[in-house]
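The structure appears right after this line, and notes come after that.
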Amino acid sequence: MEPETSAEETLEEEVRLNESFYIIRPLSNESLAQCHGFNLKKDFESLMEWKFWLTGVISTVLIIFGFVGNACAMYILRKPKMRSAFNQLLIILCIIDSMFLLSNIPTTVMALGLRIFAPVNSYFTVASHISLCASVLMIVALSHERYFAICSPHIYRIHMRAVSRWKHLAKYIVPVVLVSIFCNIPMLINIIDREILKNPIYVKVNLYLRGVHPLSTTGLLPILYLIFANIRISQGIKKLRKPRVATAIVSMSGSNFIELNCNIIGANNFQRNCSKNKRHSKEIRTTYMAISIITSFAVLNFPRFIATIIEVVNTNLIIKCVENEVRYLPTISFYRLDYFARMLMVLNSAINFLIYCAVSTPFKEHFLEHICPCIKWLTWLRKSSGQNQTNSAENRQNFRQTNVDDDDCDEDDENTVNHESNGIELESQSRNPQQNVKVDDNCTSSSDTLLAIIDSSQGPPKVVKEQESLETTCSIDIDSTSAQTTDSRGEHSV
């Protein structure tokens with residue numbers, strides 16, 4: 001079976017030499033009429049227009065953008081602060097996607113109306129299929145790596161410490177490369193030995209094998225595993241983000257502690273829990289990036305999956321046409337779907353950089369710092385100008401408030417006399433104050449916010465707050481009627 005691009009090239013040449021309204025004469029046999037999805041020349045011309053814009057113009061722009069974006073992504077992911085096992089797998093994914101973009105250049109050039117030597121185009125077509133299969137399998141490998149890290153965090157951490165980094169990466173990369181090459185061996189044989197294509201048995205076997213590859217290898221099996229892995233990953237994320245309950249109940253009368261109950265005691269346990277939570281948060285952020293890559297892959301490869309299903313469903317019809325020595329031509333709608341699917345596959349290999357910038361904050365910060373510091377400077381300039389506008393608006397508001405306060409000066413002088421007289425009356429009541437402080441029995445905090453240390457040798461217990469960025473809420477009721485004091489100016493204080 002010849003590559004699809006060569007068949008299209010032959011058909012285009014025949015249409016140029018044909019001066020009738022038909023690209024292929026209609027068949028008199030009705031049973032074989034389905035072999036020709038279309039036969040009018042005007043339909044073929046409209047189809048070539050679709051090919052020019054989707055496979056030619058738009059794909060050319062995406063290929064250029066994809067090369068630049070993947071190069072920037074690989075440069076940033078190689079930085080020491082970004083170096084991790086998952087990020088190194090992302091570098092391999094960028095390399096594979098760049099190979100796919102490179103292998104699509106001949107197809108894009110031909111769609112623009114230029115001519116390319118046929119054998120070169122055939123080998124580039126094989127490379128395109130190999131890189132596409134490797135890209136799909138690498139996304140499955142990324143999902144499996146995140147599944148291992150989230151669902152078995154302790155085993156994953158021990159594995160990363162016991163096994164060297166290159167062995168860990170080879171466990172994912174080597175199977176991906178070998179399976180991708182093995183699945184595309186039949187296409188390579190078709191290019192090397194074209195005489196074998198005249199054997200009807202070989203053609204039938206080749207057509208039936210499309211149900212295995214690419215339908216199963218790059219369609220059904222990856223989708224089923226990605227659904228299973230992402231469901232388990234979401235459950236693992238909920239488990240890791242589940243807060244560790246730690247409560248502290250305090251009751252006191254005056255200055256004496258009566259009861260203190262805490263679930264966490266000791267600074268070592270607190271620090272260990274903090275480091276564990278930071279490690280889990282990092283793994284969760286990395287997993288969100290993997291989920292974004294998988295989502296974009298599923299959306300952009302869905303048309304290709306539908307086109308592959310249509311080809312497999314029409315296998316018997318294709319075999320019937322081949323046995324009767326009739327050329328098989330799909331319908332116009334299938335060709336348009338195929339061109340649209342190819343354009344989306346190129347888009348999927350070109351937007352890795354945008355996904356990393358949108359999901360990963362460290363990646364975006366390194367990009368602004370190393371690749372494009374001018375954008376960072378413009379962002380700082382915009383923020384500073386906005387802050388200056390806010391400050392000027394606040395100054396104008398303060399100026400208006402000052403004018404209003406000047407109009408109320410007379411009323412304030414009268415109120416001052418009344419305050420002084422009230423202060424003299426309250427001074428006698430504040431000489432023997434009695435304080436009644438009540439602390440609610442429900443004073444709770446998480447394991448990362450409160451640390452209770454009980455020291456029986458140094459008097460009553462103490463409650464020490466360890467983390468400054470978080471808050472512990474306790475409600476305290478103060479009897480203000482018996483705890484009021486008056487200073488020399490007549491103001492109330494507790």
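Tell me, 146, 165 in order of fewest to most beta-carbon neighbours within 10 Å?
By the 10 Å Cβ count, ascending: 165, 146.
How are the Cα pair distances of region 303-367 distributed, in percent, across 10 Å bins from 0?
Binned Cα distances yield the sequence 18, 30, 22, 15, 10, 5, 0.
Determine ³J(HN,Hα), in whole Hz, for all residues of region 200-214 in sequence, where each value follows from phi through the Karplus function 6.51 cos²θ - 1.76 cosθ + 1.60 and θ = phi - 60°; x replaces Gly and Pro.
Values, residue by residue: x, 5, 5, 5, 4, 4, 5, 5, 5, 5, 5, x, 8, 9, x Hz.
For a label point 7 Å from the Cα of residue 160 along Cα→C-beta, name the residues of region 61-93 whose backbone N is under 19 Å from it.
Flagged as within label range: 77-93.
Taking region 14-154 on its own, what percent of its Cα-Cα pair distances exceed 20 Å?
The share of Cα pairs beyond 20 Å in region 14-154 comes to 65 percent.
Between residue 368 and residue 29, what is the FRET efficiency for a Förster distance of 45 Å, r being their Cβ-Cβ separation, to the nearest 0.05?
Taking R0 as 45 Å, the efficiency between residue 368 and residue 29 is 0.10.
Filter the trypsin sites (Lys or Arg not before Pro) in region 70-137 down to the DSSP loop ones having no more than 11 other Cβ atoms within 10 Å, then list what survives.
Those that pass, being in a loop and sparsely packed, are 115.
How compact is region 153-241 by the rule of thumb for globular proteins, expressed as Cα Rg over 2.2 N^0.38 Å?
1.64
Using Cβ counts within 10 Å as a stand-in for footprinting exposure, how do 302, 100, 334 rank, fewest first?
Ascending Cβ contact count within 10 Å gives the list 302, 334, 100.
I'd like the Karplus ³J(HN,Hα) series for region 166-177: coefficients 6.51, -1.76, 1.60, θ = phi - 60°, whole numbers in Hz, and an x wherever there's a Gly or Pro.
So the Karplus estimates, Gly and Pro as x, are 5, 5, 5, 6, 5, 4, 9, 6, 4, x, 4, 5 Hz.
Could you list 41, 51 in order of exposure, starting from the residue whose Cβ has the fewest other Cβ atoms within 10 Å?
Ordered by Cβ neighbours within 10 Å, fewest first: 41, 51.
Choose one of 182, 220, 209: the residue whose Cα lies farthest towards the positive end of the charge dipole of region 173-243 (beta-carbon charges +1 Lys, Arg; -1 Asp, Glu; about the Cα centre).
220
Tell me which residues come under 5 Å, amide H to amide H, from residue 36 once H is placed; ignore anything under 5 positions away on its chain.
For residue 36, the qualifying residues are 329.
Bear in mind these aren't lab numbers, they're just calculated from the coordinates by the rules spelled out. Values in this document were obtained by computation on a predicted structure and should not be read as measured data. Glycine also receives a Cβ, built like all others from the backbone with ideal geometry; neighbour counts cover every protein chain displayed.
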